[in-house]
Amino acid sequence: MQRSETENRWIEDAKEYAKQLFALTGASHDFAHTMRVFSSAVQIASYEPECDHTAVMLAALLHDADDHKLFADSGQEHARSFLESREIPAELQEKILTAIRSVSFSKNRGRRPETIEGKIVQDADRLDAMGAVGVARTFAYGGEHGRSLDDSIRHFHEKLLLLKDEMNTETGKQMAEERHAFLLAFLEEYEKEMNDMTQLKPDHLFDPGGEKL
């Protein structure tokens, strides 16, 4: 889709704003996460011709700007302030803010986004909680907040393994399949290794020289 020079400037400015906003956040919700969500959202949007691509891109770039895990609940103050500062039309602003409100997993349980833009950005964000990146982010977040390994593994069952069946778009559903399979494979290997260690008997232990300990 061809965008105007003004729209391109909004997007580049939003990237810079997000980069500054997340400069001091942990690895689980950093600027790299924002850009991965942006990339996935753009990919999904390319298969959804009825969506507003500019709204999708700006919502993806600003989707964590007021995340309650990172900032005090501000009524979308950061995202709204950025949009107003760029004199983005009110109708487009509301479309972007509505999409952003659709993203949170904890705040939207049992509800589907009302707009196609919200569906796309929600899918893109959830894809980044799956697969190898999702595993890495889970343990990064756990480390940042003092979670035990068991607590982080519990998060797989409470959230990550549910995401595949809650995707909205056909493209999102297809992208989620492989990432979900990786989550299952990781958990299987993790549980196997943990069980192997708990079943290891003392007479199976040796020192580096080959003698039994």
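For region 89-123, how many residues are in a helix (DSSP H, G or I), within 19 Å of Lys164 (Cβ to Cβ) and of a type outside the set (Val, Ile, Thr)?
Number satisfying all stated conditions: 4.
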In contact with an Asp or Glu (Cβ under 7 Å, 6 or more places away or on another chain), touching a residue at least 24 places away in the same chain (Cβ under 8 Å) and of a type in the set (Val, Ile, Thr) - does that describe any residue in region 169-180? yes
Modelled with pLDDT under 90 and exposed (fewer than 12 other Cβ atoms within 10 Å of the Cβ), is that true of Asp196? yes
When region 104-150 is examined, which residues are found to be more than 20 Å from Met57 (Cβ to Cβ), in contact (Cβ under 8 Å) with a residue 12 or more places away in the chain and acidic (Asp, Glu)? Glu144
Of the conditions (1) within 20 Å of Phe22 (Cα to Cα); (2) buried (at least 18 other Cβ atoms within 10 Å of the Cβ), Phe71 fails just one. Which one is it? (2)
Residues of region 146-164 classified as touching a helix residue (DSSP H, G or I) at 6+ places or on another chain (Cβ under 9 Å), in a helix (DSSP H, G or I) and surrounded by fewer than 14 Cβ atoms within 10 Å (Cβ to Cβ), total: 3
In region 29-67, which residue that is surrounded by 20 or more Cβ atoms within 10 Å (Cβ to Cβ) and among the hydroxyl-bearing types (Ser, Thr, Tyr) is nearest to the chain's Cα centre (by Cα)? Thr34
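Return a yes/no flag: does region 83-96 have any residue that is farther than 30 Å from Glu188 by Cβ, basic (Lys, Arg) and in contact with an Asp or Glu (Cβ under 9 Å, 6 or more places away or on another chain).
Quick first cut of region 83-96, residues farther than 30 Å from Glu188 by Cβ only: 83-96.
Those left that are additionally basic (Lys, Arg): 86, 95.
So of that shortlist, the ones also in contact with an Asp or Glu (Cβ under 9 Å, 6 or more places away or on another chain) come out as 86, 95.
The answer is yes; a qualifying residue exists.
The values are calculated or read from the model by the stated rules, or taken from the named source; none is laboratory data. Quantities reported herein were computed from a predicted structural model and do not represent experimental measurements. Note that we place each Cβ from the backbone using ideal geometry, even for glycine, and neighbour counts take in every protein chain shown.
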